[in-house]
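Asker: Questions regarding the structure given below will be posed in turn.
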Amino acid sequence: MLLFLDANVLFAAAYSAEGNARAIFQLAAICGATVASSTFAVEEAARNLRLKAPSAEIDFMRLVERIEWAGGPDRRTLERASKHALPEKDVPILAAAISIRANLLVTGDRRHFGPLFGKKFEGVEILPPAQALLRLLRRRGA
């Protein structure tokens, strides 16, 4: 299973060792799942951590070492992703998840991605962290 993590999930994982976002990293390792993200998402998370929680930067760097990097999506994938009623800033996130053929795009962005939770786009299902954890738990039990 390949999970693409949005910037807010990366931020939350670095910010708190107790939350669902950090648990995704831990359970993915146990289950043999791969955690991925893009330069775009990692840079956004890093920028927000520097502003809001600079003490979490060391944890962030450790977590980033554990992700698989998604390359930048091509123009066609960006165009296809832009047709799903997302703000322009979120299109590269969906496009990157599509381009690496992720099973899940994990995001805590309920405002922009919330209406898309549980839906699949070109094979990528969009889920919040808690539901992604449940998927990993089911996979572990299988």
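Asker: With GLU88, GLU79, GLU68 as the choices, which residue is out of contact with any helix residue (DSSP H, G or I) (no Cβ under 9 Å at 6 or more places or on another chain) and surrounded by 12 or more Cβ atoms within 10 Å (Cβ to Cβ)?
Answerer: None of the other options fit; the residue is GLU68.
Asker: Kindly evaluate ARG139 against the criterion of being surrounded by 13 or more Cβ atoms within 10 Å (Cβ to Cβ), under 15 Å from the mean Cα position of the chain (by Cα), farther than 20 Å from GLU88 by Cα and among the basic types (Lys, Arg).
Answerer: No: the conditions fail for ARG139.
Asker: Does any residue of region 37-44 turn out to be among the polar types (S, T, N, Q), touching a residue at least 12 places away in the same chain (Cβ under 8 Å) and out of contact with any strand residue (DSSP E or B) (no Cβ under 9 Å at 6 or more places or on another chain)?
Answerer: Going residue by residue through region 37-44, those that are among the polar types (S, T, N, Q) are 37-39.
So of that shortlist, the ones also touching a residue at least 12 places away in the same chain (Cβ under 8 Å) come out as 37-39.
Applying the additional criterion that residues be out of contact with any strand residue (DSSP E or B) (no Cβ under 9 Å at 6 or more places or on another chain) yields none.
Looking for residues that are among the polar types (S, T, N, Q), touching a residue at least 12 places away in the same chain (Cβ under 8 Å) and out of contact with any strand residue (DSSP E or B) (no Cβ under 9 Å at 6 or more places or on another chain), one finds none in region 37-44, hence no.
Asker: Exactly one condition in (1) within 21 Å of SER16 (Cβ to Cβ); (2) surrounded by fewer than 18 Cβ atoms within 10 Å (Cβ to Cβ); (3) of a type in the set (Gly, Ala, Ser) is false for GLY108; which is it?
Answerer: Going through the list (1) within 21 Å of SER16 (Cβ to Cβ); (2) surrounded by fewer than 18 Cβ atoms within 10 Å (Cβ to Cβ); (3) of a type in the set (Gly, Ala, Ser), GLY108 breaks only (2).
Asker: If you don't mind, there's one more thing I want to ask. Quick one: which residue in ILE30, ILE67, ILE24, ILE100 is closer than 22 Å to GLU125 by Cβ, in contact with a Ser or Thr (Cβ under 7 Å, 6 or more places away or on another chain) and of a type outside the set (Lys, Arg)?
Answerer: Working: ILE30 fails: in contact with a Ser or Thr (Cβ under 7 Å, 6 or more places away or on another chain); ILE24 fails: in contact with a Ser or Thr (Cβ under 7 Å, 6 or more places away or on another chain); ILE100 fails: in contact with a Ser or Thr (Cβ under 7 Å, 6 or more places away or on another chain).
Just a single option satisfies the conditions, and that option is ILE67.
Asker: Could you list all residues from region 109-136 that are outside any loop (DSSP other than H, G, I, E, B), closer than 24 Å to ILE30 by Cβ and of a type outside the set (Gly, Ala, Ser)? I'd like the intermediate steps shown before the answer.
Answerer: First, the residues of region 109-136 that are outside any loop (DSSP other than H, G, I, E, B): 110-116, 120-121, 124-127, 129-136.
Adding the requirement that they be closer than 24 Å to ILE30 by Cβ leaves 124-127, 129-136.
Once the filter is applied, which keeps residues that are outside any loop (DSSP other than H, G, I, E, B), closer than 24 Å to ILE30 by Cβ and of a type outside the set (Gly, Ala, Ser), region 109-136 yields VAL124, GLU125, ILE126, LEU127, PRO129, GLN131, LEU133, LEU134, ARG135, LEU136.
Asker: I'm told ASP109 meets every condition in (1) closer than 20 Å to ALA12 by Cα; (2) without any contact (Cβ under 8 Å) to a residue 60 or more places away in the chain except one. Can you identify the failing condition by its number?
Answerer: So ASP109 meets the others, but not (2).
Any read-out appearing in this document is the output of simple, stated calculations on the displayed coordinates, not a laboratory observation. Since the structure is predicted, the reported quantities are computational estimates derived from the model, not experimental observations. Neighbour counts run over all protein chains shown; Cβ positions are idealised from the backbone, glycine included.
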